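The structure appears right after this line, and notes come after that.
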Amino acid sequence: MRCPAFPTCLLAIALAAAAPAARADPPLVTDRPTQTYSASTVPPAMVQNELGYTHGRADGATADALGEWYVRWGVVRDFELNLLLGSFVWQDAPGSAALDGWTDSRIGLKWTSQHGEGPRPTAALLLGTSLPTGGEAYREDTLQPDAVIAMDWSLGGRFALGSNVGYGWASQDLERFHRWWGSLVLAADLGRGLAAFVEGFGFLREQPGGSSTGYLDAGLTWGVTPQLQLDARAGLGRNGLDEEWFVGVGAA
């Protein structure tokens, strides 16, 4: 069975081993809860929904995002279309009025160009762009295209490794800038439907004229059934501000 280096892949191995021989359900492989996209696509003619909630704090301000709704549709083998629907965000900063509203959505595709074997990784290309669909507080009135190369390695036994390198022609208040980012995630199968991960990711800049930023997070996934997964994660970063941190939960 082909398997990406993502916690849900290891989860899928455990679920497949425990499932009855007559079950034909394909393994559930998700792109959440890490920042690292997997290199696998949804099987043809299937639709997969991934949702979540995140609470975070940075520089004295708190923010909550509810939704994170990611819809993935397998068109043909190794090719999927996906739609990230906007989250509803409410933010509270000392000395400022609270902001709330919907964020922009994103449409994209994923193509698995190579299947891993031995030291060769599974590789995929993701292309997409934001859509100016959000509320006034969070909408950017222009498209923001991006591209990501995802690679997954099986390390044998219970461990796997995944990485992303991405570029976006981003915009903030209609000011364009180049946004590069990368990530690396190590996953481990804990057995009984549980998997764990630890991940590092960062950006050369997240806003025009900004400096580089870096984050570290870790979490768990739990395969309740072959077609339902729950997840939890927590992370932090120190980027010249007060210590940043975030926690989140989700399902697929």
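Note that region 41-47 has calculated 3J(HN,Hα) couplings of 10, 6, x, x, 6, 10, 10 Hz, one per residue in order, obtained from phi through the Karplus relation 6.51 cos²θ - 1.76 cosθ + 1.60 (θ = phi - 60°); glycine and proline are x.
Assuming charge only on the beta carbon of Lys and Arg (+1) and of Asp and Glu (-1), the dipole of region 199-252 about its Cα centre is about 100 debye to the nearest 20. Using a Gaussian network model of the chain in which every pair of alpha carbons under 10 angstrom is joined by a spring, one finds that among T103, T213, T54 the greatest mean-square fluctuation is at T213.
Helix 7-18 and the longest principal axis of the C-alpha atoms of the chain enclose an angle of approximately 30°. Compared with the alpha-carbon gap, the fully stretched path from E136 to W180 is longer by 13.2 nm at 0.36 nm per residue. Remark: region 46-126 carries a charge dipole of roughly 360 debye about the Cα centre, counting +1 on each Lys and Arg Cβ and -1 on each Asp and Glu Cβ.
Backbone geometry of region 212-221 corresponds, through the Karplus equation with coefficients 6.51, -1.76 and 1.60 at θ = phi - 60°, to 3J(HN,Hα) couplings of 6, 10, x, 9, 9, 9, 8, x, 10, 10 Hz, x marking Gly and Pro.
If I compute solvent accessible area with a 1.4 Å probe over the protein chains, what percent of it on region 76-169 is carbon and sulfur?
It is 64 percent, rounded to a whole number.
The simple spin-label model puts a point 7 Å past each Cα toward its Cβ; for Q227 and H115 those points are separated by 2.4 nm.
Using θ = phi - 60° in the Karplus curve 6.51 cos²θ - 1.76 cosθ + 1.60, the 3J(HN,Hα) couplings for region 78-95 round to 6, 9, 9, 9, 9, 9, 9, 7, x, 8, 8, 10, 10, 10, 10, 10, x, x Hz; x is entered for Gly and Pro. Say the dipole of the chain comes from +1 at the beta carbon of Lys and Arg and -1 at that of Asp and Glu; which of P132, P121, W245 then lies farthest toward its positive end? Looking along the dipole axis, the top candidate is P121. Per residue, the chain exposes 50 Å² of solvent-accessible protein surface, assessed with a 1.4 angstrom probe and all protein chains in place.
Between F177, S87, G166, the Cα set farthest toward the positive side of the dipole of the chain (charges on each charged residue's Cβ, about the Cα centre) is that of G166. In a reduced charge model with +1 at each Lys and Arg Cβ and -1 at each Asp and Glu Cβ, the chain shows a dipole moment near 960 debye about its Cα centre. With a simple spin-label model that places each label point 7 Å from the Cα along the Cα-to-Cβ direction, the separation between L236 and A58 comes to 1.7 nm.
Based on the Cβ-Cβ distance from N49 to S211, what FRET efficiency comes out when R0 is 25 Å, to the nearest 0.05?
Values: r = 36 Å, r/R0 = 1.44.
Step by step, r from the Cβ atoms, then E = 0.10.
The values are calculated or read from the model by the stated rules, or taken from the named source; none is laboratory data. All figures in this text were calculated on a predicted structure; none of them were measured in a lab. So basically every Cβ, Gly included, is an ideal-geometry build from the backbone, and we count neighbours across all protein chains shown. These accessible areas exclude ligands, DNA and RNA; they are computed on the full protein's heavy atoms, side chains included. Shrake-Rupley method; radii C 1.70, N 1.55, O 1.52, S 1.80 Å.
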